[in-house]
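The values are calculated or read from the model by the stated rules, or taken from the named source; none is laboratory data. Since this is a predicted model, take the numbers as computed values, not measurements. For neighbour counting, all protein chains shown are included, and Cβ atoms are generated from backbone atoms with ideal geometry for every residue, glycine included.
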Amino acid sequence: MTGNTRTDFDTGPLSAGVEILKSAVPATEAVLNAYIPVAEAKLHAIEKLEKWKGFTLPDPEPLRLEQGVPLMAEMPMPRFKSEFKTIASVMAAALKKGLPNLQSELDSVIGNIESDEVSGKIALSAWEGDPELIEYLCNEKDISLEAALLTGTSAMNVFLTLIQKQAGPLIKDMRWIKGYCPVCGSFPDIALFRKSGTDDPYLKSHGGQRWLHCGGCGHEWRFKRSTCAFCETEKHEELRYLQSEERPDERIDVCEKCKRYLISIDSREYIKEPDLRIAAKAYVHLDMIAQEKGYKPMAETGWNSI
Ligand SMILES: [Zn+2]
Ligand SMILES: [Zn+2]
């Protein structure tokens, strides 16, 4: 592995990764089980849309990236024909399988998603990361806002992942020093410590490299170890972590300045790394601990607040 951006992602079926996570983290099997239909639907959708060309990536400029401007910052929303609508209804059906307690809420989305107005607005709200864009519409049409947001985010994740597949290799050797994603600008949903390989003096890793995984597009990039990825404070009196004695390789990094947290897994001694496409959902017990103590997640994925 060279550079500060990873391009050799987990591919193929999720089953192996699911089994490893279940045996490693039995506490949240239920959430992981609920997420599996969604993750599988997402993989299917990605395969089906492999040839989708509804977007144009801007040419990456090393200087802009170095200044902290994500590649997609000024990219307009992709030109969706019926793709968003189709994927949104597939994702809503998968969500229904995983989350039976949201069945009627998700039905209110499925029953309306064929409307261009509804699918268009849900897409835009997910693209902009702004729930307020669909509040009025949901009220007017009697659609559950929670289910519409969850559907919109899950569907948009498919398209962001497809964009990332092309964008990642383009920026792989460019410098990026921010805690948000260099491709889509989202904050990480999980961090991983990996064994040091070739090293970047700026990132100074003694014993392990800290990698962040994007909750939006799945991109992975390296980040300084003792800095809050959200507000960038480096003061150690503001940075703490919560860890249990029994599970020293899992910890919650918390920041007293911005009150955000990030779950962090030390995989240096693991035979196989956790599959990051699903790992964030396997540690929801840590989300609960952090949120009970008043911290907010860096990436609001919808799942860490269920
Ligand atoms: Zn991203
Ligand atoms: Zn912070």
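Observations on the model:
- Of the residues making up segment 252-270, those that are surrounded by fewer than 20 Cβ atoms within 10 Å (Cβ to Cβ) and assigned to a strand (DSSP E or B) number 1.
- Single condition E273 does not satisfy, out of (1) surrounded by 20 or more Cβ atoms within 10 Å (Cβ to Cβ); (2) touching a residue at least 60 places away in the same chain (Cβ under 8 Å); (3) in a loop (DSSP other than H, G, I, E, B); (4) not basic (K, R): (1)
- Residue match in segment 32-47 (condition: within 19 Å of L192 (Cβ to Cβ) and either in the same structural domain as E220 (by TED's automatic domain parsing) or modelled with pLDDT under 85 (or both)): yes
- Considering residues of segment 276-306 that are under 21 Å from G179 (Cα atoms) and of a type in the set (S, T, N, Q) only, the residue surrounded by the fewest Cβ atoms within 10 Å (Cβ to Cβ): Q291
- Verdict on L71 being within 21 Å of the chain's Cα centre (by Cα), closer than 23 Å to K172 by Cβ and outside any loop (DSSP other than H, G, I, E, B): no
- Pair list, Cβ < 6 Å and 6+ apart or interchain, from segment 230-254 residues that are within 16 Å of ligand 1 (Cβ to nearest atom) to residues that are not small (G, A, S): F230/C258; F230/R260; F230/M298
- The set of residues in segment 95-136 being under 21 Å from the mean Cα position of the chain (by Cα) and either not in a helix (DSSP H, G or I) or not assigned by TED's automatic domain parsing to the domain that holds A147 (or both) consists of L99, G129, D130.
- Pick from segment 208-220, criterion more than 9 Å from ligand 1 (Cβ to nearest atom) and among the hydrophobic types (A, V, I, L, M, F, W, C), ranking: nearest to C258 (Cα to Cα): L212
- Residue-level analysis places G185 among those that are of a type in the set (G, A, S), within 16 Å of ligand 1 (Cβ to nearest atom) and part of a loop (DSSP other than H, G, I, E, B).
- Checking K178 against (1) crowded, with 16+ Cβ neighbours inside 10 Å; (2) free of Cβ contacts under 8 Å to residues at least 12 places away in the same chain, the condition it does not meet: (2)
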